[in-house]
Amino acid sequence: MLLLNREDIKRIFTMRDAIEADKLAYSIFSKGKCLSPLRTNFASGNENGNILFMPGYAADIGVAGLKIVSVFPDNSKYDLPVTPGTVLLVDDKTGVVTSVLDGTYITEVRTGAASGAAIDLLAREGSETAALIGTGGQAESQFDAIIAACDTVKTVKVFSRTQEKREAFAKKMQDKYSGKVEVVASSSADEAVTDSDIIVLVTTSKNAIINGDKLKKGALVCGVGSYMPTMHEIDEKTLIRADKIYFDSKDAVLSEAGCIITPLKEGKISEDKFTGDLGDMINGNIVSRENDDEIIVFKSVGISTQDLVTGKAIYDKAIENKVGYEF
């Protein structure tokens with residue numbers, strides 16, 4: 001059994017690798033070639049947090065697995081990750097656990113790669129300005145994905161409700177990508193969204209973060225933060241204005257994401273607005289972007305196929321490069 005921690009994975013696995021892994025995962029999922037049950041979500045009875053179990057099996061790549069990931073917003077006060085996690089891979093020929101991987105990092109990188117895959121496939125060609133709303137534990141991988149997926153981006157505007165946090169995050173990203181992009185700490189979500197070609201939302205807000213009236217023609221909005229029926233980071237105006245709406249999994253989104261569930265229940269939007277799953281687009285079964293003026297929304301809540309395919313890709317690279325600790 002191979003143990004792989006965050007630093008092991010970072011040495012051998014890039015964000016571009018993760019984007020390609022997510023695209024493969026979506027393709028496999030949409031072909032029905034992966035068992036990916038809806039996650040089991042336990043609310044902690046002792047703290048503000050949720051514990052999630054995400055099993056899956058993909059015969060095409062010969063692996064089953066389980067990700068245990070939790071979302072505990074107050075963990076920062078203990079100097080612990082807000083989304084601690086572990087991924088286990090199981091060989092489907094022997095039933096043996098072949099690897100235990102840092103699920104916290106895999107969650108970060110594959111969630112970033114979800115936006116990266118959507119940007120790679122759906123962003124308007126030549127997009128130059130991006131906005132990132134949310135600067136928490138998932139934000140850096142989202143920023144990395146924007147840069148990895150769209151090499152024409154020149155400016156990234158970042159916003160969170162706390163001025164100190166957004167300014168610190170903007171500085172960190174400017175230092176990381178010095179000379180490649182300009183990073184701006186915006187004073188409001190409206191300021192960040194205005195004139196942005198790509199907008200990535202990574203919050204757990206119970207109220208809409210953006211105003212769809214501020215979206216420019218041709219904008220792509222990726223919502224990857226909200227994962228419960230009480231969370232509403234995407235506003236109704238954005239959904240109403242959208243020409244196309246894609247999901248990682250429509251069934252999962254309609255079970256979990258309040259920003260889609262609520263306006264659907266209230267009749268503000270209908271399922272006629274839904275284009276389909278991104279994997280179906282990758283497989284050539286539904287249309288992609290058709291012109292530069294279309295406003296497109298991609299909503300993701302995460303599916304276990306991403307963890308399986310990403311984990312297996314990391315494991316294969318680790319074996320090839322002799323990285324990790326044999327247990």
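The values are calculated or read from the model by the stated rules, or taken from the named source; none is laboratory data. Keep in mind that this is a model prediction, so the values were computed, not measured. Virtual Cβ from ideal backbone geometry, glycine too; neighbours counted across all protein chains shown. Only protein heavy atoms, including side chains, enter the accessible area calculation; ligands, DNA and RNA are left aside. Shrake-Rupley method; radii C 1.70, N 1.55, O 1.52, S 1.80 Å.
Tell me whether segment 217-240 contains one or more residues that are without any contact (Cβ under 8 Å) to a residue 24 or more places away in the chain and assigned by the TED database to the domain that holds D272.
no
Based on this model, can you work out whether A257 counts as open to solvent by less than 40 Å² (accessible area, probe 1.4 Å), in contact with a His (Cβ under 9 Å, 6 or more places away or on another chain) and within 23 Å of V193 (Cα to Cα)?
Here the answer is yes, as A257 does meet what is asked.
Give me the residue from segment 293-320 that is modelled with pLDDT of 95 or more and not in a helix (DSSP H, G or I) and, out of that set, surrounded by the fewest Cβ atoms within 10 Å (Cβ to Cβ).
Checked segment 293-320; the qualifying residue surrounded by the fewest Cβ atoms within 10 Å (Cβ to Cβ) is D293.
Answer with yes or no whether K214 is open to solvent by 50 Å² or more (accessible area, probe 1.4 Å), under 14 Å from F298 (Cα atoms) and either out of contact with any His (no Cβ under 6 Å at 6 or more places or on another chain) or not basic (K, R) (or both).
No.
Here is a yes/no grid of residues against (1) over 20 Å from F13 (Cα atoms); (2) of a type in the set (A, V, I, L, M, F, W, C); (3) in a strand (DSSP E or B); (4) touching a residue at least 24 places away in the same chain (Cβ under 8 Å):
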site	(1), (2), (3), (4)
G32	yes, no, no, no
G45	yes, no, no, no
V82	yes, yes, no, yes
V87	no, yes, yes, yes
A114	no, yes, no, yes
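Any residue at all in segment 69-85 that's at pLDDT 95 or above, assigned by the TED database to the domain that holds D316 and not β-branched (V, I, T)?
no
When you go through (1) of a type in the set (V, I, T); (2) under 28 Å from A130 (Cβ atoms); (3) in a loop (DSSP other than H, G, I, E, B) one by one for V323, which number turns out not to apply?
Single failed check for V323: (2).
Go through segment 89-102 and report how many residues are under 20 Å from the mean Cα position of the chain (by Cα) and among the aliphatic types (A, V, I, L, M).
Qualifying residue count for the region: 1.
Out of segment 22-50, which residues are at pLDDT below 95 and β-branched (V, I, T)?
Residue satisfying the conditions is T40 alone.
Pick from segment 179-192 the residues that are part of a loop (DSSP other than H, G, I, E, B) and not basic (K, R): which of them is modelled with the lowest pLDDT?
Only one residue tops the list, namely G179.
Residue by residue through segment 138-178, note down the ones that are crowded, with 20+ Cβ neighbours inside 10 Å and in a loop (DSSP other than H, G, I, E, B).
Hits for segment 138-178 are Q138, C150, V153, S160.
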